[in-house]
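To start, the structure itself, in structure tokens.
The values are calculated or read from the model by the stated rules, or taken from the named source; none is laboratory data. None of the values given here were measured: they were computed from a predicted structure. Positions of Cβ are generated from backbone atoms using ideal geometry, with glycine treated the same way; all protein chains shown enter the neighbour counts. Accessible surface areas use protein heavy atoms only, side chains included; no ligands, DNA or RNA. Shrake-Rupley method; radii C 1.70, N 1.55, O 1.52, S 1.80 Å.
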Amino acid sequence: MSKKYFRQLLFLSTLVMLFASSPFLTQAEGLKGKVTIWYWDDTYIKKMTTAFNKQYPDIIIENTPVQSGDYARKVQISVATGLELPDIIMGEIGFRGKIFDLDIWENLEKRPYNFNRKSYFDYLIPTMTDSKDRVVGIEQSINAAGLAYNRSLAIKYFGTDDPKKLQAMMPTWDKFIAKGKEVKTKSNGSVFMFPSLDDVEMIILNQNPVSLMKGNVMNGTGTAGKVLDMMIKMRNAGIVGKLNAWTPAWYASFTSEKYIFYPCPTWFPRFFIQPNDKDKSVIWGMIMPPGGGFSWGGTTMSIPKSSKNKEMAWLFIKWCQLSQEGAKANKELCDNPVPLKTLYQDPTFLVDKNPWFGGQDIGEVYYKEIAPTLKVRPISKYDLDYSDVMGLIVRSLNQEMSWDTKIAFDKFKAEMKNKNPDLTIR
Amino acid sequence: MKLSIKVKIIGCMCLVVLITMLASGTFAYCYFTRILRNQALNDDINKLNQTARQFTYLSEDIKKFAYSFLIDSDIQNFLGKTHYQDALDENRSVYYAMQRLRSYMPLNEYIHSMVLIGPNGKAYWNVSSQYDSEYFTQKLQENWYQEYKHKKTNNGFTLKYQITEQGKVIDIVGYGLPLKRLDEPERIKGELIINLRLDFFRNYLAIESKGNDGFVWLGEKNEVLYAKFVGNNQSYFKELVKTKVFNSSDTTSIQENKRGYLIINRTADNAWQFISFTSKTRLYKKIDYVFYLFLIFIFTSMAFAIAIFVPLIFNVTNPIVKLSDAMKKVSGGELDVNVRIQSGDELETLGNGFNQMVKDLQKYIRRSLDNEKAKKEIEFKLLISQINPHFIYNTLNTVIYYARRQGNQDIVKLMSSFIKILQDAVKVSEQGVMASLSQEIEIVEHYIVIQKYKHIDRFDLVWDVDEKLKSRLVPRTILQPLVENALNHGVLLKDEKGLIQVSVKQMGTDMEITIVDNGVGMDQTIINQLLSDSDGFKSTDSVHSIGIPNIRERIKFLYGNSYKMNIESLQGAGTKITIVIPLNEKEL
């Protein structure tokens, strides 16, 4: 039996197993009703619903846009006040730990859902489970992240926009910082490697996917400590802009021709590059970052126990995330790579020639170079607090230039303690 | 064309019902259309008022929501700090204030974000999980904020503005509230601006204005915050909105024009205006069903009326038609007709009357025919008898001439009486059926003279006649046949001399004639026969060949059943015949 034939057989058998695994599936035909969702990405829901309704025309998917920054609080308030939750709740990686800690979720590995965790990439499972290792959310995508770069600035300051050459030019962060200093010199301090220290934080934090918590103790040194160290190095080198991420100035930076690199997970082009550069004024490139690829972000779909339409909610999740049609719609309509192992045995599925990247097959970077190496930090209920406190420290770093790693780390610990007095941080 | 009574009545009934229904239907349609139009307009007004009220409530909610931050400790802390230990201290202060604002946002879907303007003049915007301090600091220079500041009011809504977020342009209306420290209430230390999503309100208005052809929400400066144009009058309403010709100072007003109705509401205390436009086409379309309802009502009522009235009309007209048909038959000479009507009303009485009338007609015609026949017979007999008496009269005159020449007075006397009787017989045909009582007495006396020569000393006749009755009219030849019967069938059949008494007396308004004899009398069988309708006892040898039945029939013919003849008889003792006739006023 040839290897290719074996792969095809495995692919088909996995699909058959997936479709046959749930009793819901056999009853799916003829289902009629409405499924409610809260999701900040209304466009995604609209596109996927259009495709879903071709197969299931009698199921209405009704989305209420809720900003991701307000999401965890809205869920908490609803649970506390007894307000009705939607049938599907989204869990962004930043607040997922907080809401997964609530005992309100359906175990999707149990009947009648029967999700098979082996069908998904193994590295994602810790981000889809609660503290009792129950799968309570289905991850939407592979969140492999590389470095997106402005090709014209790369030619201008590095003499090339070839990804391979650039990758070879900056194999480590030290080399990266050195190149950044060159850019600073060449541009008289007007061009930076990154627009914001927040970008640096995201990369360093996620390149080092150690668990935030070791039992009841926060591993501060292994997480925040390393992040702060790199940020201060770069800040001191003067190679990072002073913008704050997720602000209008940061959104505007994509076309400003002042910032060369952006951490770029699979969802980043869709959410940030495309909307902020609708005219494709910048041609982008993609490389593996110094220190390797990482996983950033991600959103799960969960069903709360209170849902009155669990069957239809699961049908929609399953169609989007576990079916070939759904995976195809995800990729073609929303540029979203579903993390179903079997899909990636098909070489054509890995191709992602994004128009904003000048025809570069960024799928090759994401799926061939980065995805096989991915590791992800397990979620914890302190993720949100960590993120908020780190945001304050990062914001302050640009104002308090005298802060070294130790001072910054002490400030971090003090702020975390301030929010969680009983927390032990090492 | 001759129409039957049935067709006429049904036609009239249909016409009356149709006219009545059309008239009442038209009136009711006009009346109800007016009511429904007013009601539809009132519904539109109420709906618009309700929308305006909802916006007022929402404004109040927003105000109260904003007020809830006034004394919040994180906000107060943010406002109070002008000196910070380090950047982290400042960032923390802003961060917690931002977090406090954010914590309430999930409860209000219409809030996009919030802006906190600090004592340093910087505007912090809680756009992300952190915040931004640049975007809104610059945005406050725009017209919407400058206009708001220019108003110098404590709080209120701003003009419309736009926020660009991740390439998306979002329409916003802001609500501003000055912030003060509790320990320095006289000084404004900062400001809160709540960014409200216009789309949220627009979606609400889109639902609320579903029944309108146009809907506009105008801001304080008449800027269009929401506009909807549908139907055939889009361009008209667009132009109206463009020129903003809503010239009324009333809080709620209706403006009617050729195309429809504009309803304007200015009740919102933030100078917002809501204008709805409903075209006449749409308004009348709403109440068009009334027209069809009335048409259905009219035709159903007509059908119902016809269904009820036609059988009733048939009940009335069918007997009339029957009567009419029967009358046609009767007028055609067919008397064997019987109409059967059982309506229990006047028509049944009419039918029975008709049947009785036909029966009577049959009877009278039959009797008339009989009388005519009898009359003809009498006339024939009289004609025959007129021949002989004239001849006999001439002959007897010759006999009298010769008897007188020869001096035989008996023959003269006898023949004279005989001639008188013959002359009376001639008079019957010449002078009618009535004669005076004295004429009748004279005939009897002539008859008696003759009979006395024949039956010498066999009888006597005694008269008892009221003198004043002698001139009264009685049926001609009524006495002589009776006297003749009394003589021949009573007195002469006895051996001894008989007596015949004739008396005529007045009995009130009647005349009573009695002929009594003391002859042999007769048994009851004969009496019954004489008084029955059959052609009974007849004097075969009487002068006029007229018997008692003839006299009886004549009396009945002339005077009706009330006047009749009575016979009493006792065998061997005699007979009494009594005739009572009305006293005739006429005299001869």
Within the range B:175-193, identify whether any single residue is crowded, with 20+ Cβ neighbours inside 10 Å and outside any strand (DSSP E or B), and answer yes or no. no
When both residues are 6+ apart or on different chains and their Cβ atoms are under 8 Å apart, which pairs have a first residue that lies in the range B:443-457 and is over 20 Å from B:GLU496 (Cβ atoms) and open to solvent by less than 40 Å² (accessible area, probe 1.4 Å), and a second that is assigned to a helix (DSSP H, G or I) and aromatic (Phe, Trp, Tyr)? B:HIS446/B:PHE418; B:ILE450/B:PHE418
Scan the range A:36-85 residue by residue and report those that are assigned to a strand (DSSP E or B) and touching a Lys or Arg at 6+ places or on another chain (Cβ under 6 Å). A:ILE60, A:GLU62
Those residues of the range B:324-358 which are more than 25 Å from the chain's Cα centre (by Cα) and hydrophobic (A, V, I, L, M, F, W, C), in sequence order: B:ALA326, B:MET327, B:VAL330, B:LEU335, B:VAL337, B:VAL339, B:PHE354, B:MET357, B:VAL358
Regarding the range B:219-238, can at least one residue be identified that is among the aromatic types (Phe, Trp, Tyr), touching a Lys or Arg at 6+ places or on another chain (Cβ under 9 Å), assigned to a helix (DSSP H, G or I) and under 20 Å from B:GLU256 (Cα atoms)? yes
Just checking, how many residues over the range A:263-272 are within 14 Å of another protein chain (Cβ to nearest Cβ) and within 13 Å of A:PRO195 (Cβ to Cβ)? 1
What pairs come out if I take residues in the range A:110-139 that are within 19 Å of A:PRO209 (Cα to Cα) and pair them with residues that are surrounded by fewer than 18 Cβ atoms within 10 Å (Cβ to Cβ) whose C-beta lies under 6 Å away, six or more apart or interchain? A:TYR123/A:LYS375; A:ILE125/A:ARG117; A:PRO126/A:PRO378
Restricting attention to the range A:373-412, the residues that are open to solvent by less than 60 Å² (accessible area, probe 1.4 Å), within 14 Å of chain B (Cβ to nearest Cβ) and either hydrophobic (A, V, I, L, M, F, W, C) or in contact (Cβ under 8 Å) with a residue 60 or more places away in the chain (or both) number exactly 17
Return the only residue of B:LYS210, B:LYS221 being more than 60 Å from the chain's Cα centre (by Cα) and over 21 Å from B:PHE65 (Cα atoms). B:LYS221
Flagged in the range B:142-171 as open to solvent by 80 Å² or more (accessible area, probe 1.4 Å) and within 14 Å of chain A (Cβ to nearest Cβ), in numbering order, are B:GLN162, B:LYS168, B:VAL169
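Conditions tested, residue by residue: (1) in contact with a Phe, Trp or Tyr (Cβ under 7 Å, 6 or more places away or on another chain); (2) free of Cβ contacts under 8 Å to residues at least 12 places away in the same chain; (3) in the same structural domain as A:ILE379 (by TED's automatic domain parsing); (4) not aromatic (Phe, Trp, Tyr).
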position	(1), (2), (3), (4)
A:LEU205	no, no, yes, yes
A:MET218	yes, no, yes, yes
A:THR221	no, no, yes, yes
A:ARG235	no, no, yes, yes
A:THR247	yes, yes, yes, yes
A:ILE273	yes, no, yes, yes
A:GLY285	yes, no, yes, yes
A:LYS308	no, no, no, yes
Here the residues within the range B:6-56 that are closer than 24 Å to B:PHE309 by Cβ and open to solvent by 70 Å² or more (accessible area, probe 1.4 Å) are B:VAL7, B:LYS8, B:CYS12, B:LEU15, B:VAL16, B:ILE19, B:THR20, B:LEU22, B:THR26, B:PHE27
Some residue of the range A:166-182 being part of a strand (DSSP E or B), surrounded by 14 or more Cβ atoms within 10 Å (Cβ to Cβ) and polar (S, T, N, Q): no
The range B:86-101, residues that are buried (at least 21 other Cβ atoms within 10 Å of the Cβ) and either in contact (Cβ under 8 Å) with a residue 12 or more places away in the chain or more than 9 Å from chain A (Cβ to nearest Cβ) (or both): B:VAL94, B:TYR95, B:ALA97, B:MET98, B:LEU101
Meets criteria (open to solvent by less than 90 Å² (accessible area, probe 1.4 Å) and either over 28 Å from B:TRP463 (Cα atoms) or at pLDDT below 85 (or both)) for B:LYS376: no
Candidates B:PHE229, B:PHE200 - the one that is touching a Phe, Trp or Tyr at 6+ places or on another chain (Cβ under 8 Å) and modelled with pLDDT under 85: B:PHE229
Across the range B:262-303, what is the number of residues that are open to solvent by 30 Å² or more (accessible area, probe 1.4 Å), over 30 Å from B:LEU22 (Cβ atoms) and among the small types (Gly, Ala, Ser)? 1
Identify the residue in the range B:66-77 that is closer than 12 Å to B:SER103 by Cβ and hydrophobic (A, V, I, L, M, F, W, C) and, among all such residues, is surrounded by the fewest Cβ atoms within 10 Å (Cβ to Cβ). B:PHE69
Within the range A:413-426, residues away from every other protein chain (no Cβ under 12 Å), among the aliphatic types (A, V, I, L, M) and open to solvent by 10 Å² or more (accessible area, probe 1.4 Å) come out as A:ILE425
Output for the range A:342-361, where each listed residue is at negative phi, of a type outside the set (Ser, Thr, Tyr) and touching a helix residue (DSSP H, G or I) at 6+ places or on another chain (Cβ under 8 Å): A:LEU343, A:GLN345, A:ASP346, A:PHE349, A:LEU350, A:VAL351, A:ASP352, A:LYS353, A:ASN354, A:TRP356, A:PHE357, A:GLN360
Name the residue that is nearest to A:ASN330 (Cα to Cα), counting only residues in the range A:45-68 that are within 14 Å of another protein chain (Cβ to nearest Cβ) and open to solvent by less than 30 Å² (accessible area, probe 1.4 Å). A:ASN63
